[in-house]
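In what follows, a single structure is set out as structure tokens and then discussed.
The values are calculated or read from the model by the stated rules, or taken from the named source; none is laboratory data. The structure presented is a predicted model; accordingly, all values stated were derived computationally and were not measured. Virtual Cβ from ideal backbone geometry, glycine too; neighbours counted across all protein chains shown.
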Amino acid sequence: MSTTRPAPSPADARDLRILFWCYIAMTVLTFVLGWWLYYRLEELVEQAEQRFLDMRLVDPYDWEAMRSDPATDPLSQTLWLMQIFVIIITPVHAMVYVIAAWYLHKLRGYWTLMIIAFFNLLAAPVGTVVSVYHLVVFFRPSVRALFGKDSGIRK
């Protein structure tokens, strides 16, 4: 017993296609910004370490002196931890957008897409604009009907 879904109206098909490409663009944007932030933090770590060494008046090429005094800069350690966080969170965040685009393409996961849209409201400014558009589109009864039983419609 197969359930057939109604064909989307031209306006619904256009809106879902726009949302699909918005999520693809946000995936790319997430990777680009994550890459930029990682390398910017790397520069800041190097600057913080150099300032710390200058402040301590230790020759950065005198490895014996550096090994004998293991004191490290808390700022550079914090920035280094932020780099690790960026390395972990960037692919996870981008994968959420890939999942959203895939579900939009397959017209599945209505409630998953709604949860992504609500959490994405916090990703200002681009994520907020896309999420508001997403919610406006998804609250239409015609779009909800496209997702069938997955959207919680009871017959």
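Checked against (1) within 29 Å of TYR103 (Cα to Cα); (2) in contact with a helix residue (DSSP H, G or I) (Cβ under 6 Å, 6 or more places away or on another chain); (3) at pLDDT below 85, GLU49 passes all but condition (1). Here SER68 fulfils each of the conditions (1) loosely packed, with under 12 Cβ neighbours inside 10 Å; (2) at pLDDT 80 or above; (3) more than 11 Å from the chain's Cα centre (by Cα) apart from (2). Residue count for region 1-36, restricted to those that are modelled with pLDDT of 80 or more, hydrophobic (A, V, I, L, M, F, W, C) and not in a helix (DSSP H, G or I): 1. Within region 92-120, the set of residues being free of Cβ contacts under 8 Å to residues at least 40 places away in the same chain and under 26 Å from LEU37 (Cβ atoms) comprises VAL92, MET95, VAL96, ILE99, TRP102, ILE115, ILE116, ALA117, PHE118, PHE119, ASN120. Pairs linking a residue in region 138-155 that is over 15 Å from LEU113 (Cβ atoms) to a residue that is of a type outside the set (S, T, N, Q) and at pLDDT 90 or above, with Cβ atoms under 6 Å and 6 or more positions apart or on different chains, are SER142/ASP12. Across region 112-136, the qualifying residues are those that are within 14 Å of the chain's Cα centre (by Cα) and not aliphatic (A, V, I, L, M), and the one among them that is nearest to LEU19 (Cα to Cα) is SER131.
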